[in-house]
There are 2 protein chains.
Amino acid sequence: MAADQLSTTLQALADPTRRAILARLSVGEATVNELAQPFAMSLPAVSRHLKVLERAGLVEQGREAQFRPRRLRPEPLRDLAGWLDAYRRHWDERLDRLDVYLKELQAGDADAPRNQDQ
Amino acid sequence: MAADQLSTTLQALADPTRRAILARLSVGEATVNELAQPFAMSLPAVSRHLKVLERAGLVEQGREAQFRPRRLRPEPLRDLAGWLDAYRRHWDERLDRLDVYLKELQAGDADAPRNQDQ
């Protein structure tokens, strides 16, 4: 199946080092050198990770040509959040059920039937 | 690097068929047979996808032993949404800037300097 944008985004994010690079860029632009330092990684290794992030549209090059700083591009993250929103009611419902159960416990209602979902 | 839970979740979601299976399960439990039908997929192919989703904790087996229906487990999706929330201000800020720019255009302020970020 052809790689769709959402799959490309998820694949790019499915690596802790790439997520750490994004976290660093979320506080401001950084050059490849600056990105490599906290990870004690070689420049080629960082560049490979950046290439994956750039192909997914999660990182772009800034305008200062000399240092070519990278910066975060949030649009794919926004689209992923939009996809996740369709599932939000599922975890909200679970929390609601847990809340009801905890209130039953606090009320000392020891004979209440246990909800096997919790 | 060891596979962390968030990477496992993202990896499991980075496939359009597996996301389609989750979408189906989001409307209710389904057996492997029921899941295979709309995708015109073989049972072993569906089972392989389900195994990836189960390892990631996104799908679990229901209690009806005979048909072993699968159902959605939303917790990893909730955790992913929590991780994404840290980036929400980035796309909100971009939308705010776009909004300001569109209002300038509507005001007929044709001489306003263009914001190169848009």
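Laboratory data are not the source of any read-out in this text; all were calculated from the coordinates shown. The structure presented is a predicted model; accordingly, all values stated were derived computationally and were not measured. Reconstructed Cβ throughout: ideal geometry from the backbone, glycine too, with neighbour counts over all protein chains shown.
See the values below:
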quantity	calculated
Highest-fluctuation residue, A:99, A:85, A:15 considered, GNM on chain A with Cα pairs under 10 Å	A:99
Taking chain A and dividing mean pair separation by its residue count, relative contact order in percent (alpha carbons under 8 Å, at least six apart)	23
On Cα atoms only, tilt of B:75-85 relative to the major axis of chain B in degrees	10
Note, ³J(HN,Hα) from phi for segment A:35-50, Karplus 6.51, -1.76, 1.60, rounded to Hz, x at Gly and Pro	5, 6, 3, x, 9, 6, 10, 6, 4, x, 5, 4, 4, 5, 4, 4
Candidates A:80, A:35, A:105: whichever shows maximal mean-square fluctuation once chain A is modelled as a Gaussian network with Cα springs under 10 Å	A:105
Cleavage-rule hits (trypsin sites (Lys or Arg not before Pro)) in segment B:57-107: DSSP loop, at most 13 neighbouring Cβ within 10 angstrom	B:63
Listed residues A:84, A:44, A:98: farthest to the positive end of the dipole of segment A:30-109 (Cβ charges)	A:44
Across the identical copies, how the residue B:102 labels are spaced - nm, sorted shortest first, 7 Å along Cα→Cβ	3.9
Calculated label separations, residue A:83, copies of the chain, 7 Å along the beta-carbon direction, nm	1.3
Distances in nm from residue A:44 to the matching label points in the other copies, shortest first (labels 7 Å along Cα to Cβ)	3.9
Those GluC sites (Glu not before Pro) in segment A:1-64 that DSSP places in a loop and that have at most 14 other beta carbons within 10 Å	A:64
Span from the segment A:67-100 Cα centroid across to the segment A:18-33 one, whole angstrom	20
Whole-Hz ³J(HN,Hα) from phi, Karplus 6.51 cos²θ - 1.76 cosθ + 1.60, for segment B:22-32, glycine and proline x	4, 4, 4, 6, 5, 9, x, 4, 8, 7, 4
Rg/Rg_ref, segment B:1-90, where Rg_ref = 2.2 N^0.38 Å and atoms are Cα	1.15
Extended-chain gain in nm, criterion 0.36 nm per residue less alpha-carbon gap, residue B:32 and residue B:67	11.7 nm
